[in-house]
Each structure stands twice: as structure tokens, then as C-alpha cells.
Amino acid sequence: MMPNLRFLDRAPARTDAARRALVRAVPAAALLACAGRTRGAESAGARPASGDPSHAAARCLIPAKAGGGFELTCGLARDALQAVRPARPPLVSRYLPGGIGALAFSRIATGQTGGDDTLVAFSSGSLLNLAQGRFGPYGASAVHWIAALGADFGAVAVQGDAPYRNLQDLLQALRRDMNRIVFGAGGTVGSQDWVKAALLVRAAGRDHRAMRFVSFEGGGDAISALQGGHVTVFTGDAAEAVQAAAAGTPLRFLAMLSDARLPGPLAHVPTAREQGIDLVWRTVRGLYLSAQAPQVSADAWRQAFEEAIAVPGYAALLARYGLYAFALTGPALDEFVRRSLADYRALAASLGLKGWNR
């Protein structure tokens with residue numbers, strides 16, 4: 001019988017410049033043709049007369065270092081927004097690493113950083129940390145949840161010349177000598193990438209509390225450490241790993257933590273389920289805005305991304321960023337966040353993780 005380790009979100013050495021260059025924008029003309037609309041010209045950086053922030057200059061904060069999933073989220077948001085707001089200045093990405101999102105959440109929640117012109121990338125990992133009270137004395141109501149733009153799935157990868165050919169090889173190695181296996185990923189103990197590693201260790205029948213795990217400030221640094229031989233196994237997300245592999249990083253994918261095999265470049269990689277481990281991990285990616293921003297501004301951003309998601313070319317844009325369809329806004333997204341926090345609190349408790357009530 002397969003160990004049941006399923007946890008699925010409810011449904012619903014490179015330079016920074018080199019990493020950023022891995023994702024190329026979808027040609028604007030193609031998306032604009034799909035959008036089938038034009039907007040009145042606006043001066044660069046100026047707030048339009050309507051006061052709608054989605055038509056004006058704005059930025060997207062990446063709460064980690066370069067090369068990870070948050071960077072992909074901001075790139076996706078930029079390109080999707082241009083398809084429906086072609087006259088606006090492109091969304092500018094800015095890095096604000098610290099606690100895998102904790103610093104950015106704190107600054108946004110307190111109003112120290114940004115206003116209605118500052119969006120922040122979040123993921124299911126952000127919700128896991130928020131559920132454990134790792135983002136300080138702030139709850140989900142400290143921000144406006146703007147949109148879930150797409151989903152990613154967990155991935156288990158090793159160096160291209162590693163001795164492990166599949167997931168069972170890795171589990172056997174863990175059973176023989178757990179000290180020889182070093183996991184590495186973005187986030188500290190209790191983060192979503194740590195949880196993926198912990199669940200794999202438990203699947204091998206070993207104590208996850210004794211596993212070796214090296215934390216990094218984002219998936220990009222973790223993949224670089226894997227390439228350098230500083231860690232043995234990467235337990236991050238598929239999209240960031242695929243981007244690194246496409247840029248020449250020699251990786252071997254042992255398993256995808258998805259319901260079924262993923263299309264495209266990962267179609268040859270078996271799921272954990274196919275290899276006897278019932279482990280699924282979906283990572284939802286989206287954006288939030290400070291709750292101190294007016295409700296009318298939050299509604300304007302939601303409307304803009306609802307329009308962007310509805311453009312026929314959006315599916316191709318998701319595929320270019322290695323993401324999969326998962327779109328929520330408004331009350332549906334608020335409810336998804338609420339239920340996810342409850343699920344993550346239960347998961348954290350099952351792993352013996354300490355929580356801080358907020």
C-alpha cells in the first residue's frame with residue numbers, strides 16, 4: 001500500500017541578470033491582438049484622471065533573491081497586464097528579500113513600503129508561513145488579496161550526474177544513511193520546500209526532524225548550490241527548475257509532485273504517485289496589495305487582472321512561464337486563502353512545527 005502523504009492546496013553559479021534573462025516576454029503584438037482592445041494614451045508614470053492605479057506606473061515586489069518563483073510571478077503579472085493596459089508603463093520588478101516574504105509582508109502591512117502602486121508576489125508558501133505566524137503580528141486581513149494568476153507544482157531534482165535515477169533510489173538512500181543526503185531549497189524550517197523534503201523523509205520511514213536541510217533565500221540560490229555540489233536534493237517548484245535547466249544547469253528530475261504528468265518539457269518525468277508515494281504539492285502564485293490602500297484601488301487591480309486572465313493569449317503566457325491554469329479573484333480568492341490557512345495549520349501541527357498565534 002502506498003504511504004498516503006497527499007497534501008494538495010484546495011482548488012481551486014549565475015548572475016542575477018542571467019537569471020532574469022531566462023524569461024522572455026511574450027511578444028506584445030500577439031497578446032494585444034488577443035485582447036482585442038485599445039486604451040487611451042497616458043503619459044508615462046502619470047496617474048490617469050480616473051485615479052485607476054492599474055493604468056499608471058507601478059511596481060511588483062519580489063520578496064526573495066533572483067531566480068525563483070516570485071520572480072516568475074512578477075514577470076507574468078507584467079506581461080499579462082500589458083495585454084489589457086497597453087498604454088501604461090510596464091510593471092517594474094523590485095527585489096525585497098528577507099524571511100522568504102516576511103520582510104515584504106511586514107513592510108506592506110505597516111505601510112512602510114508602497115501604496116496602491118505596489119503589488120507583491122505571494123505563493124502557497126507565503127500562506128503556509130502566514131498560517132504559522134511567521135510573518136509577524138499580522139493576519140490575512142493586513143493585505144488585499146488581488147489575484148491568483150496560476151499554479152506550479154513541487155519538483156524533486158538532483159544533479160545531472162547524481163547516482164539517483166528515480167524517487168525510489170532516493171528513498172532507499174535515505175533509509176541506508178540519512179546523513180549522506182542534504183536537502184536544499186528556498187525557505188527555512190517550516191517553509192513549503194522544507195515540508196516537501198520532510199514528507200519525502202517520512203515516506204522513507206525516517207524521522208524528518210533528523211534530516212539535513214540547507215535553507216536559501218529563494219529557489220535560484222538553492223539550484224546554484226545544487227549545481228555546486230553543496231546540497232544533494234532540490235525540493236522546490238517545477239517552473240523555477242525548468243527555467244534553470246533551459247539555461248544549461250544540468251538537472252535530473254526524479255519526480256513531479258502533481259496529480260498527473262505535466263505537459264511540455266516535463267512530460268517524461270513521472271509523478272511521485274507513479275513511483276509509489278502519494279504526495280502532491282500545488283503552489284498557487286499570485287499578488288497582494290496593502291490593506292492600507294483604498295478599496296477602490298484594490299478593486300481596480302482585481303478588475304485589471306480579471307481582464308488579463310480572460311484574454312485568449314493568457315494560456316500561452318502561462319506556459320511560457322512554466323505555470324498552469326489556476327485563477328481566482330475577489331471573494332473566491334479570499335475564501336481560498338482562509339481555507340488554505342486552516343489546512344496549513346493542521347499540516348504544520350502534524351509535522352510538529354511550532355506556531356505563533358496572531
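Report whether or not L200 is open to solvent by less than 10 Å² (accessible area, probe 1.4 Å), at pLDDT 95 or above and in contact with a Phe, Trp or Tyr (Cβ under 9 Å, 6 or more places away or on another chain). Show your work before the answer.
On the way: open to solvent by less than 10 Å² (accessible area, probe 1.4 Å): yes; at pLDDT 95 or above: yes; in contact with a Phe, Trp or Tyr (Cβ under 9 Å, 6 or more places away or on another chain): yes.
When the stated conditions are applied, L200 passes them.
Looking only at strands (runs of 3 or more DSSP E) that fall completely inside region 146-254, which ones have 3 or more residues that are over 27 Å from L76 (Cα atoms)? Before you say what the answer is, go through the steps one by one.
Values: elements: 182-186, 212-216, 233-237.
Ranges flagged: 212-216.
State the number of residues belonging to region 124-145 that are in a strand (DSSP E or B) and either open to solvent by 20 Å² or more (accessible area, probe 1.4 Å) or among the aromatic types (F, W, Y) (or both).
Step one: of region 124-145, the residues in a strand (DSSP E or B) are 143-145.
Those still in the list that are either open to solvent by 20 Å² or more (accessible area, probe 1.4 Å) or among the aromatic types (F, W, Y) (or both) too: 144-145.
The qualifying residues number 2.
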Problem set entry | Filter result (within 19 Å of the chain's Cα centre (by Cα) and not in a helix (DSSP H, G or I)) within region 328-353 | L328, T329
For this session: Please verify whether region 184-191 includes one or more residues that are under 30 Å from E71 (Cβ atoms), modelled with pLDDT of 95 or more and among the aliphatic types (A, V, I, L, M).
Result: no
For this session: Give the residue that is nearest to S224 (Cα to Cα), with candidates limited to residues of region 181-195 that are open to solvent by less than 10 Å² (accessible area, probe 1.4 Å) and out of contact with any Asp or Glu (no Cβ under 9 Å at 6 or more places or on another chain).
Result: I181
Seminar exercise, completed: Checked region 67-123 for anything farther than 17 Å from W145 by Cβ, β-branched (V, I, T) and assigned to a helix (DSSP H, G or I); matches are V84, I100, T110
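Yes/no matrix, rows are residues, columns are (1) open to solvent by 10 Å² or more (accessible area, probe 1.4 Å); (2) among the β-branched types (V, I, T); (3) touching an Asp or Glu at 6+ places or on another chain (Cβ under 6 Å):
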{"site": "P97", "(1), (2), (3)": "yes, no, yes"}
{"site": "L119", "(1), (2), (3)": "no, no, no"}
{"site": "F122", "(1), (2), (3)": "no, no, no"}
{"site": "G160", "(1), (2), (3)": "yes, no, no"}
{"site": "N179", "(1), (2), (3)": "yes, no, no"}
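The values are calculated or read from the model by the stated rules, or taken from the named source; none is laboratory data. Being a predicted model, the structure only gives us computed values, none of them experimental. All Cβ positions, glycine included, derive from the backbone under ideal geometry; neighbour counts span all protein chains shown. Surface areas here come from the heavy atoms of the whole protein model, side chains and all, with no ligands, DNA or RNA. Shrake-Rupley method; radii C 1.70, N 1.55, O 1.52, S 1.80 Å.
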